[in-house]
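Participant: The structure is given below, and queries will be raised subsequently.
The values are calculated or read from the model by the stated rules, or taken from the named source; none is laboratory data. These figures come from a predicted structure and were not determined experimentally. Quick reminder, even Gly has a Cβ in these numbers, built from the backbone with ideal geometry, and neighbours come from all protein chains shown.
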Amino acid sequence: MHEPLYYTEHDSDLGRLLLIGSARGLRNIALLEKGEAAAAFLAAECGSANPLAMPGFFASICGAIDTYLEVGKPLRLPCDLKQGTPLQRAVWLEIARIPYGQTISYSQLAERVGFPRAVRAVASACGANPLPLAIPCHRVIAKDGTLGGFSLGGLAVKEKLLALESRLQFIAA
């Protein structure tokens, strides 16, 4: 039997977010393109689990996301990481440890998870991150300082999130 899954769509400063979660926490955060229906994403991510629309279930999570995007308050969201390979989950957990307003390189991340020669696999795990705001993979950049990729809206969103955190970290210092 499948554990019940819930979802909601939320209009944010980044655009229309689709949030999917269980009673334990978030499983997916996606940025829907204009005109993109949530149904196709839900079918691909949830399969036969048939998630229920539950906007109230996500009220505090949506509030925390809005506060982060508006004033930069660090996000602390409950996560339910059932998906992913052991390497992906190790990478995601290590990404979650990157301090607010700081960045590390993909090669540093590979070293931290114990696979210093697997930079491409680590970068792929970043790209597969199902929770790009809760697990802040925007804080992972290339060794030469370029941004690399970002699954939640591309480089424009990654730049926006890094600028938000950098500006607020500077103000707090």
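Participant: Could you list all residues from segment 56-96 that are in contact with a Pro (Cβ under 8 Å, 6 or more places away or on another chain), among the small types (G, A, S) and on the phi < 0 side of the Ramachandran plot?
Facilitator: A96
Participant: Taking the condition of being hydrophobic (A, V, I, L, M, F, W, C) and surrounded by fewer than 23 Cβ atoms within 10 Å (Cβ to Cβ), how many residues in segment 135-149 meet it?
Facilitator: So the count comes out to 3.
Participant: Would you call R120 assigned by TED's automatic domain parsing to the domain that holds L131, out of contact with any Pro (no Cβ under 8 Å at 6 or more places or on another chain), without any contact (Cβ under 8 Å) to a residue 60 or more places away in the chain and assigned to a helix (DSSP H, G or I)?
Facilitator: yes
Participant: Looking at this structure, is G153 farther than 25 Å from Y6 by Cβ and assigned to a loop (DSSP other than H, G, I, E, B)?
Facilitator: No: the conditions fail for G153.
Participant: Kindly indicate which of S105, S60, S48 is surrounded by 15 or more Cβ atoms within 10 Å (Cβ to Cβ) and of a type in the set (S, T, N, Q). So that I can check it myself, show each step before the final result.
Facilitator: Values: S60 fails: surrounded by 15 or more Cβ atoms within 10 Å (Cβ to Cβ); S48 fails: surrounded by 15 or more Cβ atoms within 10 Å (Cβ to Cβ).
After applying the criteria, what remains is S105.
Participant: Looking at segment 61-103, which of its residues are of a type in the set (F, W, Y) and either at pLDDT 95 or above or closer than 19 Å to L18 by Cβ (or both)?
Facilitator: Across segment 61-103, the qualifying residues are Y68, W92.
Participant: Please go through segment 105-114 and give me each residue that is touching a Lys or Arg at 6+ places or on another chain (Cβ under 6 Å) and either assigned to a helix (DSSP H, G or I) or of a type in the set (D, E) (or both), ordered by number.
Facilitator: First, pick out the residues of segment 105-114 that are touching a Lys or Arg at 6+ places or on another chain (Cβ under 6 Å): 105, 107.
Of everything in segment 105-114, just one residue is touching a Lys or Arg at 6+ places or on another chain (Cβ under 6 Å) and either assigned to a helix (DSSP H, G or I) or of a type in the set (D, E) (or both), namely S107.
Residues checked against (1) under 15 Å from the mean Cα position of the chain (by Cα); (2) hydroxyl-bearing (S, T, Y); (3) more than 17 Å from L155 (Cα to Cα):
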position: D11; (1), (2), (3): no, no, yes
position: G15; (1), (2), (3): yes, no, no
position: L18; (1), (2), (3): yes, no, yes
position: S22; (1), (2), (3): no, yes, yes
position: A40; (1), (2), (3): no, no, yes
position: A44; (1), (2), (3): no, no, yes
position: S48; (1), (2), (3): no, yes, yes
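Participant: Being hydrophobic (A, V, I, L, M, F, W, C), under 23 Å from S12 (Cα atoms), outside the structural domain of E33 (by TED's automatic domain parsing) and touching a helix residue (DSSP H, G or I) at 6+ places or on another chain (Cβ under 7 Å): is that true of I135 here? Can you show your working first?
Facilitator: Working: hydrophobic (A, V, I, L, M, F, W, C): yes; under 23 Å from S12 (Cα atoms): yes; outside the structural domain of E33 (by TED's automatic domain parsing): yes; touching a helix residue (DSSP H, G or I) at 6+ places or on another chain (Cβ under 7 Å): yes.
Yes, satisfied.
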